[in-house]
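This report refers to the structure that appears directly beneath it.
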Amino acid sequence: MIIRGGRAIYGESVGILVLDTKFPRIPGDVGNATTFDFPVRYKVVHGAQAKEIVAAPDRARALLPAFIEAAKELESDGVRAITTTCGFLTIVQDEIAEAVNVPMITSSLFLIPMLRRMLGPKRRIGIVTANAQSLSPAHLLAAGIDPGWNLLVRGMESRPSFGSILGTGNTNDDTLDVDETRREVVEVCRAMQAEAPDLSAFLFECTNLQPYAAAVQQATGLPIFGIYHVVNLLHSGVIAPGFARGYL
């Protein structure tokens, strides 16, 4: 067997474009490498502030050259697929995907069309987002989501502990009250279920919500999908599993 080199590092399957943030990324967060059972590689897009990207779609497009440059760097580092830490980047999906030669998906929102088929078009899907007021029809359309679909979109923008992630919280010391944030996320999801008894699943648009998925599932009993599943899908697609240890 002859292995061709050309890089300094190897073995990182998925590259993740990270917004320029300083809040703690606990296990379960896409920005914490221990979230995954395989190595990933991160690249911070300097100047891409979470508060700005979420608040203004035009900001993401203004920073598109920086996202493309970072994606190309990840590709040159050897990753075989790329994703991001912000679901609001759907609006620049096509441009980044066309700039690299590996699979690229910016947001868990791209799972919605599949979930709709999986659950049936009449069943409602709840989208939990960082900011419901800022998740525009343009963001959804870019992810292949039709305005007429049976969705319930609610956000975390008014929750004070979660605000530390968005940079809108009451403190500026880059701390995160995990227990209080968990309570806030569960509260929002339970309220969504009460509002829409026909809710069949949750889609976490915000990549920082996954650490609280188990608590939400315990409280609601519903399936939960998010960027965690996107990363695992990308990994299993570009690193085909071997089955030598299987049996008949």
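The values are calculated or read from the model by the stated rules, or taken from the named source; none is laboratory data. Predicted model, so just to flag it, every value in this text is computed and none were measured. No Cβ is skipped: glycine too gets one built from the backbone with ideal geometry, and neighbour counts run over all protein chains shown. Keep in mind that these areas ignore ligands, DNA and RNA; they rest on the heavy atoms of the full protein, side chains included. Shrake-Rupley method; radii C 1.70, N 1.55, O 1.52, S 1.80 Å.
Could you tell me what percent of the accessible area of the range 111-209 is made up of carbon and sulfur, with a 1.4 Å probe and every protein chain present?
Values: 2250 of 4650 Å².
Exposed carbon and sulfur together represent 48 percent of the surface.
Could you give the angle, 0 to 90 degrees to the nearest 10, between helix 178-195's Cα long axis and the longest principal axis of the Cα atoms of the chain?
Approximately 60 degrees, to the nearest ten.
Below 8 Å, C-alpha to C-alpha, sequence gap of six or more: please give me the relative contact order for the range 1-160 in percent.
Over the range 1-160, the number comes to 20 percent.
Looking at the square roots a ≥ b ≥ c of the eigenvalues of the Cα gyration tensor of the range 11-129, which shape do they give, rounded for a/c under 1.5, prolate if a/b is larger than b/c, or oblate?
Working: a/c = 1.42, a/b = 1.28, b/c = 1.11.
Rounded, because the longest to shortest axis ratio a/c is under 1.5.
Once ligands and nucleic acids are excluded and a 1.4 Å probe is used, how much of residue 3 is accessible, expressed in Å² to the nearest 10?
130
May I ask you to order 144-150, 65-71 by the average number of other C-beta atoms within 10 Å around their residues, highest value first? Please list the in-between numbers first.
Numbers: 144-150: 12.9, 65-71: 18.1.
So the peptides 144-150, 65-71, ranked by packing, come out 65-71, 144-150.
For the range 126-221, what class follows from the C-alpha gyration tensor (a ≥ b ≥ c being the square roots of its eigenvalues): rounded when a/c is under 1.5, otherwise prolate if a/b is larger than b/c, else oblate? Don't jump to the answer; show the numbers that get you there.
Values: a/c = 2.28, a/b = 1.32, b/c = 1.73.
Since a/c reaches 1.5 but b/c is at least a/b, the shape of the range 126-221 is classed as oblate.
Quick check on the range 62-130: what does the Kirkwood estimate of hydrodynamic radius come out to from the alpha carbon pairs, in Å? Please list the in-between numbers first.
Numbers: mean 1/r = 0.0748 Å⁻¹.
It works out to 13.4 Å.
Mind giving me the FRET efficiency for residue 133 and residue 214? R0 is 30 Å, r the Cβ-Cβ distance, nearest 0.05 is fine.
Working: r = 28 Å, r/R0 = 0.92.
Plugging the Cβ-Cβ distance into 1/(1 + (r/R0)^6) gives 0.60.
Using a 1.4 Å probe on the protein chains only, how many percent of the accessible area of the range 30-104 belongs to carbon and sulfur? It would help to have the intermediate numbers written out before the result.
Numbers: 1560 of 3260 Å².
Ligands and nucleic acids excluded, carbon and sulfur reach 48 percent.
So how strong a dipole does the chain carry about its Cα centre when Lys and Arg Cβ are +1 and Asp and Glu Cβ are -1, to the nearest 20 debye? Intermediate values should be presented prior to the final figure.
Details: 22 positive and 25 negative charges, 142 e Å.
So the magnitude is around 680 debye.
Can you give the FRET efficiency to the nearest 0.05 for residue 73 and residue 191, using r as the Cβ-Cβ distance and R₀ = 30 Å? Before the final figure, lay out each step's value.
Details: r = 41 Å, r/R0 = 1.38.
After rounding, the FRET efficiency stands at 0.15.
Would you check the accessible area of residue 46, probe 1.4 Å, heavy atoms only, in square angstrom rounded to 10?
140
Leaving out ligands and nucleic acids, and using a 1.4 Å probe, what accessible area per residue does the range 26-183 come to in Å²?
That works out to 47 Å² per residue.
Report the net charge of residues surrounding residue 60, where surrounding means a beta-carbon distance below 15 angstrom and charges are Lys +1, Arg +1, Asp -1, Glu -1.
On the way: positive: 51, 59, 61; negative: 20, 52, 58, 69, 94, 95, 205.
So the environment of residue 60 carries a net charge of -4.
Taking the range 106-147, how much of its Cα-Cα pair set, in percent, is spaced more than 11 angstrom apart? Working shown, then result.
Details: 581 of 861 pairs.
Tail of the P(r) past 11 Å holds 67 percent of the pairs.
May I ask for the net charge around residue 115, where only other residues with Cβ less than 12 Å from the Cβ of residue 115 are counted and Lys, Arg are +1 while Asp, Glu are -1?
On the way: positive: 116, 117, 123, 124; negative: none.
Cβ neighbours under 12 Å give a net charge of +4.
Label-point separation (nm) for residue 36 and residue 7, each offset 7 Å from Cα along Cα-to-Cβ?
1.2
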